[in-house]
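*Asks:* My structure is below; once you've seen it, I'll send some questions.
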Amino acid sequence: MRPPLIQLQGLTRTYGRGDAAVSALRGIDLTLFSGDFLAVMGASGSGKSTLMNILGCLDTPSGGHYGFESIAVETLNQTQRALLRRHRLGFVFQGFNLLARTSARENVELPLLYRGLPAARRRQAALAALDLVGLSDRAGHTPAELSGGQQQRVAIARAIVTDPAVLLADEPTGNLDTARSHAIMELLTRLNRERGLTIIMVTHEEEMAAYAGRTLHLRDGLIDRDSAEPDATSCC
Ligand SMILES: Nc1ncnc2c1ncn2[C@@H]1O[C@H](COP(=O)(O)OP(=O)(O)OP(=O)(O)O)[C@@H](O)[C@H]1O
Ligand SMILES: [Mg+2]
């Protein structure tokens, strides 16, 4: 059997201490393989962003195990986590998070700048990524000159320009109308199917989750339902 890409065992995250402590994750077990497309759903405060932040090495768990490929992420120091993040993970957020006075191409180039790639190669890779998301003709435009859907496409191009193993998207369609949301989901589906990109996406909308091959429902920091697991309640 092929080895998992991501393996979580008893993952917990508690914010604060004592009486003020909040248990955002209370024991998450999850196995993902390369090429999976997972939607994470659940009520506000159920722990979705906390889980994404830990998966994305932006935050560390309070307990449990996070395996990424052959690495035990919980044993890494801050610098090692930053390297893992920079080389293997891509992020897309609800609010696009693009630099305002900077062209689409330069926004997409940014992660490559951190990697120290020479200008010509950065430019070439950024244009290729913009082409993949259907925005070749908007490379010179600033975010203010782009629609919301186009801005999110630029953010996706920026996330995939480094050729990450996993794309983490926290409510990528949260700021978009229905038509633009579907267009973004079609783009993510194409990246997943054609390029084998592993995607983990938080959404509040069933319609958007339906694009993913698997859906996880969180409730109070625990997995309430997993479409990949037989549903105990509906059994004979
Ligand atoms: N930095 C923090 N300090 C203290 N508590 C936090 C912090 N971040 C999140 N929490 C708490 O942890 C719980 C889970 O929060 P999280 O942001 O993961 O929820 P979510 O499922 O992403 O919600 P939403 O759908 O509203 O984005 C909530 O009770 C929240 O108040
Ligand atoms: Mg959230």
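*Asks:* Once a ≥ b ≥ c are taken as the square roots of the eigenvalues of the Cα gyration tensor of the stretch 37-151, is the result rounded (a/c under 1.5), prolate (a/b larger than b/c) or oblate (a/b not larger than b/c)? Let's see the in-between values first.
*Replies:* Values: a/c = 2.60, a/b = 1.54, b/c = 1.69.
Here the stretch 37-151 falls in the oblate category.
*Asks:* Over the heavy atoms of HIS204, what accessible area does a 1.4 Å probe trace out, to the nearest 10 Å²?
*Replies:* Looks like 100 Å² after rounding.
*Asks:* Under 8 Å for C-alpha pairs, at least 6 residues apart: give me the relative contact order for the chain, rounded to a whole percent. Present the calculation step by step, with values, prior to reporting the outcome.
*Replies:* On the way: 435 pairs, mean separation 65.5, N = 236.
Answer for the chain is 28 percent.
*Asks:* Where the centroid of each part is defined by its Cα atoms, how far is the stretch 88-146 from the stretch 25-72 in Å?
*Replies:* 27 Å
*Asks:* Pairs of alpha-carbon atoms within less than 8 angstrom and 6+ residues apart define the contacts here; what relative contact order does the stretch 1-137 have, in percent?
*Replies:* On the way: 146 pairs, mean separation 27.4, N = 137.
Across the stretch 1-137, relative contact order equals 20 percent.
*Asks:* Also, quick follow-up: Among 136-147, 21-32, what's the highest-first ranking by average C-beta atoms within 10 angstrom per residue? List each step's numbers first, then the result.
*Replies:* Working: 136-147: 14.6, 21-32: 17.8.
Packing order, densest peptide first, comes out as 21-32, 136-147.
*Asks:* Defining a contact as two alpha carbons under 8 Å apart and six or more residues distant in sequence, what relative contact order in percent does the stretch 12-66 show?
*Replies:* Values: 46 pairs, mean separation 20.7, N = 55.
Reported as a whole number, the value is 38 percent.
*Asks:* Express the accessible area of the chain per residue in Å², computed with a 1.4 Å probe while the remaining protein chains stay in the model. Write out the running numbers ahead of the final one.
*Replies:* On the way: 11650 Å² over 236 residues.
Ligands and nucleic acids excluded, the result is 49 Å² per residue.
*Asks:* Could you list which residues have their amide H under 5 Å from that of VAL40, counting only those 5 or more apart in sequence or on another chain, with H placed in the peptide plane?
*Replies:* Excluding prolines and chain starts, which carry no amide H, the hits are MET201, VAL202, THR203, LEU216.
*Asks:* Here's something else I'd like to know. Where the accessible area of the chain is counted over protein heavy atoms with a 1.4 Å probe, how much of it, in %, is carbon and sulfur? It would help to have the intermediate numbers written out before the result.
*Replies:* On the way: 5470 of 11650 Å².
The computed percentage sits at 47.
*Asks:* Quick one: Debye curve from the C-alpha atoms of the chain, no solvent, what's log10 I(q)/I(0) at q = 0.09, 0.11, 0.13, 0.17 Å⁻¹?
*Replies:* Debye output, listed in q order: -0.39, -0.58, -0.80, -1.29.
*Asks:* Under a point-charge model restricted to the Cβ atoms of Lys and Arg (+1) and Asp and Glu (-1), what is the dipole moment magnitude of the stretch 159-235 relative to its Cα centre, in debye to the nearest 20? Please report the intermediate quantities before stating the final value.
*Replies:* Values: 7 positive and 14 negative charges, 60 e Å.
The calculated dipole for the stretch 159-235 is roughly 280 debye.
*Asks:* So what is the 222 nm mean residue ellipticity for the chain from helices alone, if each DSSP H run of at least 4 adds -39500 (n - 2.57) and you divide by all residues, rounding to the nearest 500 deg cm²/dmol?
*Replies:* Numbers: 7 runs with 79 residues, N = 236.
Only helices count here, giving -10000 deg cm²/dmol.
*Asks:* Another question, if that's okay. Using a Gaussian network model of the chain whose springs link C-alpha atoms within less than 10 Å, name the residue from THR178, THR198, THR162 with the highest mean-square fluctuation.
*Replies:* THR178
The values are calculated or read from the model by the stated rules, or taken from the named source; none is laboratory data. Since the structure is predicted, the reported quantities are computational estimates derived from the model, not experimental observations. Neighbour counts are summed over all protein chains in view; Cβ atoms, including those assigned to glycine, are modelled from backbone coordinates with ideal geometry. These area figures cover heavy atoms from the full protein model, side chains too; ligands, DNA and RNA do not enter into them. Shrake-Rupley method; radii C 1.70, N 1.55, O 1.52, S 1.80 Å.
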